[in-house]
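Structure first, then comments.
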Amino acid sequence: MKKSTELKLERTAKLQSQQALVANAKELKREMNDEENASFDTLQTESEVLTRSIERSESFERNELLLAGTGAQRLDVPETPEETPKAVFSIHRAIRSQMQNGKLEGIEKEIHDRIMASEKPGSITLSGVAIPMNRAQQSVTGDTGTKGGALVATDLQSPIDFLRPDPLMKKMGAAYITGLTGNLRFPKNEGGIVASWEGETTTTLETANAYGYLDSIPKRLSVTVPISLQNLMQSSIDLERYTVNDINLAIENALDAATVNGNGLGQPLGILNNTSVNVVATDVNGSLPSWDMMVDAETNVFVANASAAKMNYLVNPKTRGKLKKTKHAAGDLNYIMGVDGTVNGYASGVSNHVPSNLVKGTGTALSAMIFGDFSQVNIHQWGFMDLSVDEISRKKEGLIEVTVNIFVDVMLRQPKAFSVAKGLITV
């Protein structure tokens, strides 16, 4: 029986041949002909056969490892030296290495070295273990769970996807740009070319585009998560995931908060504090949310030619509750927010990162609201995550502290795609 790795290489070759057939037809700007379609179908059948062979081979290889682990006699297997199981990345081993004078070994060292070799000199200073941030397909069965293998990478260059946050902003439509190595500058066309009606022989006035730019510079986001020594020394798949999810949650919350309300001082500038967004006016001491406010928020975006097919409201839970209890007008049967959570047909997101503690005049405990096209939000991520371990500060509690540094920024490509209201009375 062939090894699963050999079969996977054969299947990859079949799939690449299929892609080549499609790419060739696209390049010639035509559909595939009968001969190409037949070749495509043959390759598909062969790849499906290989997939079934791979599954059998992997089952056989897992059974070999299980028998070897129990000391049972293996049947129909030649007496040859056992093949070393595939190396797997373990975040717990990476953490433990930092508790041992920072000495990395094995697959964790190999991945760390590869990441550092790919970085441009002087781009980011590292103080701990480098962990990649890009996504990859994974398996959790490569070492049968006996070595803490919650993350079994199919590619050594991209072994982990759990540490990549999947925050509210992504669900709202924000775009992520990852793997960055230097400061970014985005040229921005601010208009200028205008068409004009002229007489038959009148000279046309010259106009030209006016260009500006937006800069994006990495900002360090640092989170510290306490982990019990008992958790760390365990090696189950679930406990590894628990560790990663703790880190993930802290990153997700911090990035969401900065995108919504970051002050721009050592952190990203959030939507609510961007002076170029549209503003829906409220009274000097705050205003009760009204149907007119919602219509004004939408109108401002449309007037700025910044509307898109998918736009959303973003409010906090207090505002959500107020909108569900506030009618369009006195005697109207409809409420501003429907039972399905939409406002005037637009979906809404709810987050406690939208502040409810604003002050305006004598008004306190006021809320904010955002409406707009969240695909205009860019989340930029640089390089890798830097993981460091403190095993001293809380040792009497049986805890270590894991600190993860990542480098991110938030940019609004078109601020006029958003309307914000500050000073909503929601209590």
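Give the lysines reachable from Lys327 as a straight Cα distance under 27 Å; neighbours fewer than 8 places away on the same chain don't count. Within the straight-line limit of under 27 Å, Lys327 reaches these lysines: Lys310, Lys318, Lys360, Lys422. For region 251-320, place one equal point scatterer on every Cα, skip the solvent, and apply the Debye formula. What is log10 of I(q)/I(0) at q = 0.15, 0.19, 0.24 Å⁻¹? Debye curve over Cα of region 251-320, log10 I(q)/I(0) at q = 0.15, 0.19, 0.24 Å⁻¹: -0.65, -1.02, -1.29. The value for region 166-427 of Rg(Cα) / (2.2 N^0.38 Å) is 1.25. Charging the Cβ of each Asp and Glu at -1 and of each Lys and Arg at +1, and nothing else, the dipole of region 380-427 about its Cα centre rounds to 380 debye. When +1 charges are put on Lys and Arg Cβ atoms and -1 charges on Asp and Glu Cβ atoms, the dipole computed for region 4-70 relative to its Cα centre reaches about 200 debye. Remark: Phe407, Phe384, Phe371, Phe186 ranked as Phe186, Phe407, Phe384, Phe371, counting other beta-carbon atoms within 10 Å and listing the fewest first.
Phi angles of region 372-388 translate, via the Karplus equation with coefficients 6.51, -1.76, 1.60 and θ = phi - 60°, into HN-Hα couplings of x, 9, 6, 6, 7, 8, 9, 9, 9, 10, 9, x, 8, 9, 10, 10, 10 Hz per residue; Gly and Pro are given as x.
Prolate is the label for region 4-70. Its Cα gyration tensor axes, ordered a ≥ b ≥ c, give a/c of at least 1.5 and a/b above b/c.
A short reminder: the numbers here are calculations on the coordinates, not readings from a lab. Just so you know, these numbers come straight off a predicted model, no measurement behind them. Here the Cβ is made from the backbone with ideal geometry for all residues, glycine too, and neighbour counts use every protein chain on show.
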